[in-house]
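**Student:** Take this structure first; my questions come after.
Please treat every number below as a calculation from the coordinates, not as lab data. Just so it is clear, the model here is predicted, and its values are computed rather than measured. Glycine also receives a Cβ, built like all others from the backbone with ideal geometry; neighbour counts cover every protein chain displayed.
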């Protein structure tokens, strides 16, 4: 910092401050304190936080004070200042009549040291005149502040005090999205349970032993078979309907009651539940699905409209609940991003204000796998018959390849967090510490784990983060170059995540009557289980990504190492 630059900052911080007692040399004391601390701030690269003002005109009322300030600054720089020892930090704060600082109900973190027992109050000063004059005091301490703290704080100019944080413009929106996402997730969960409950009720209709329930089910079975025959007269009737429609005709309806020529045939349709594990039993299953409960069944209404229970074909689907669960988790991710980083993908932005590939991978796998797992598990819970003395295996197993995928996605950010700090060069003050960086690895030319790194690329704010960060290098020399290892990792991750999402979509879209009627407790015993190639691709991709991250990117040499 030049003498003129230092003087402009001391003048900027002290120009409007007048000693309370004009007979005391407190003006020079304040100037000397600011001069010393401004010099310390310059060594830390923080001098820009101090206010600077140009010199006044020669004939102005402030010209004499400016000359005195210049003399004091020169004495401090030369080491000839003869006043009391200067502090390591100081703060010029407004005070109450009892001499205590006006810090409000809670002291700012930047001024917490003012309340320490070893802090001492210096001279008092006035800012303004007449009725507008306000009383200030210089608080001093010999404790050296942290490297990122400005040593001097002033309530007059605002230097060294944290500016109030501007409110997040997306704060309310993030709450609205978060609440909506929670509602969508809850609705998807309830719908999945409701669909399982309706399927369990239909299954119970088939195995019911009460005569009234059996008679009601047989009547509905006749309706289903008659409707099928009318819709497809040339089609071969199913095994069940061929027994219902004797000689192609339904049982006679006399006095609104079905009269079976052979009652044993009717009872035989319901006697053996094992018959309903064959495809020919779909008519009986559809008859059970159209049962009208004695009391309003909100579960059936919910599952019919949102769970895709088709009473005409007997097919069921929990695809919509699965998508709702995934939308709920995705909405929560967006809400957290807006609430913390003011970006839709804010949850992917790391401490360097870059979009993190590792964070993106963990998020994608979590949303897809856990939403699918929740849909299947909740359907099992709704479908199960609960007994106190029975151990229920209602939660699907996690296949090894999927457990490995989640594990790899979680471990990768941890390993990445261990690698990245090695890319930060050691420094002394503001210059690169070449002596400390000249390690044995550097001498051997090993380009790994920070031996030759020039430092990490960082953005000043989350607003500068870009989705292109997923593909670009992380160190300063290659920050504007596509990293092939990262590109490969992105492509493989997208393919695997989309592929597994498709498997879950198919599993939740087509659930046959045979599967439902043949299940003892849980319909879904496991998530889709991909083969070993799935895990191998993911493992190789992440290993390549981590090795490339550990490798030090270097700036191109002016002279080629190998002649052409």
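**Student:** Could you calculate the FRET efficiency of residue 506 with residue 460 from 1/(1 + (r/R0)^6), where r is the beta carbon distance between them and R0 is 51 Å, rounded to 0.05?
**Tutor:** 0.65
**Student:** Further question on the same structure: Output the relative contact order of the stretch 320-378, whole-number percent, from Cα pairs under 8 angstrom with separation of 6+ residues.
**Tutor:** The normalised contact order for the stretch 320-378 reaches 37 percent.
**Student:** Sticking with this one: Quick one: if the Förster radius is 45 Å, what FRET efficiency do residue 5 and residue 173 give, using the C-beta to C-beta distance and rounding to 0.05?
**Tutor:** 0.50
**Student:** Report the gain in length on full extension from residue 124 to residue 406: 0.36 nm times residue separation, minus Cα-Cα distance, nm rounded to one decimal.
**Tutor:** 95.2 nm
**Student:** Hey, another quick one. Pull out the extension gain between residue 514 and residue 57, defined as 0.36 nm times the separation in residues minus the alpha carbon to alpha carbon distance; nm, one decimal.
**Tutor:** Full extension of this stretch gives 154.9 nm more.
**Student:** Here's something else I'd like to know. To make sure I understand, if each residue's beta carbon is the centre and we count other beta carbons within 10 Å, what order do 10, 114, 540 fall in, fewest to most?
**Tutor:** Lowest to highest Cβ neighbour count: 540, 114, 10.
**Student:** How do 512-523, 170-181 rank on mean C-beta neighbours within 10 Å, highest first?
**Tutor:** 512-523, 170-181
**Student:** I've got another one for you. What FRET efficiency comes out for the pair residue 257/residue 395, r = Cβ-Cβ distance, R0 = 60 Å, nearest 0.05?
**Tutor:** 0.85
**Student:** Please report 154, 204 as a ranked list, fewest other C-beta atoms within 10 angstrom at the top and most at the bottom.
**Tutor:** Going from sparsest to densest Cβ surroundings: 204, 154.
**Student:** Between residue 344 and residue 491, what length in nm is gained on full extension when 0.36 nm per residue of separation is reduced by their alpha carbon distance?
**Tutor:** So the extension gain works out to 50.8 nm.
**Student:** Over the stretch 3-154, what relative contact order in percent results from Cα pairs under 8 Å that are six or more residues apart?
**Tutor:** 31
**Student:** I need 414, 398 ordered by Cβ neighbour count within 10 Å, fewest first.
**Tutor:** Neighbour counts put them in this order, fewest first: 414, 398.
**Student:** If each of residue 186 and residue 537 carries a label point 7 Å out from its Cα toward its Cβ, how far apart are those two points in nm?
**Tutor:** Each label point lies 7 Å from its Cα, and together they span 3.9 nm.
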